[in-house]
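Read through the structure below, which is laid out as structure tokens, and then see the notes.
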Amino acid sequence: MSANPYSLRAGLLSQAEGILSNRYHQEYEKIRYLCDRQFIDLKTVTWPTPPTSDEIIAEAEKLYKFVQTK
């Protein structure tokens with residue numbers, strides 16, 4: 001049974017958001033850990049930014065291209 005196009009797109013967007021959100025949180029926690037242990041200077045650190053809608057859509061498009069390959 002194949003999924004309808006809308007549910008496929010919604011699923012891919014959700015997956016993409018999860019991938020990028022996990023990546024963001026991992027980077028954030030790594031920097032926070034390093035700051036807490038004073039391995040890096042809190043004043044000069046570059047904090048990660050949460051994923052944007054455009055980044056999520058781009059990631060979903062990459063996933064969709066994978067799904068289309070045989």
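Worth a mention:
- With respect to the conditions (1) of a type in the set (S, T, N, Q); (2) loosely packed, with under 10 Cβ neighbours inside 10 Å; (3) closer than 30 Å to TYR6 by Cα, THR49 falls short on a single one, namely (2).
- Positions within segment 31-70 being in a helix (DSSP H, G or I) and of a type in the set (Lys, Arg), in sequence order: ARG32, LYS62, LYS65
Results for (1) at positive phi; (2) at pLDDT below 95; (3) out of contact with any Phe, Trp or Tyr (no Cβ under 6 Å at 6 or more places or on another chain); (4) surrounded by 11 or more Cβ atoms within 10 Å (Cβ to Cβ), shown as yes or no for each residue.
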site	(1), (2), (3), (4)
GLU17	no, no, yes, yes
SER21	no, no, yes, yes
TYR24	no, no, yes, yes
LYS30	no, no, yes, yes
LEU42	no, yes, yes, yes
ASP54	no, no, yes, no
GLU59	no, no, yes, yes
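- Options TYR6, TYR64: the member that is surrounded by 12 or more Cβ atoms within 10 Å (Cβ to Cβ) and modelled with pLDDT under 95: TYR64
The values are calculated or read from the model by the stated rules, or taken from the named source; none is laboratory data. This is a predicted model, so every value here is computed, not measured. When we count neighbours, we look across all protein chains shown, and the Cβ atoms used for this are built from the backbone with ideal geometry, even at glycine.
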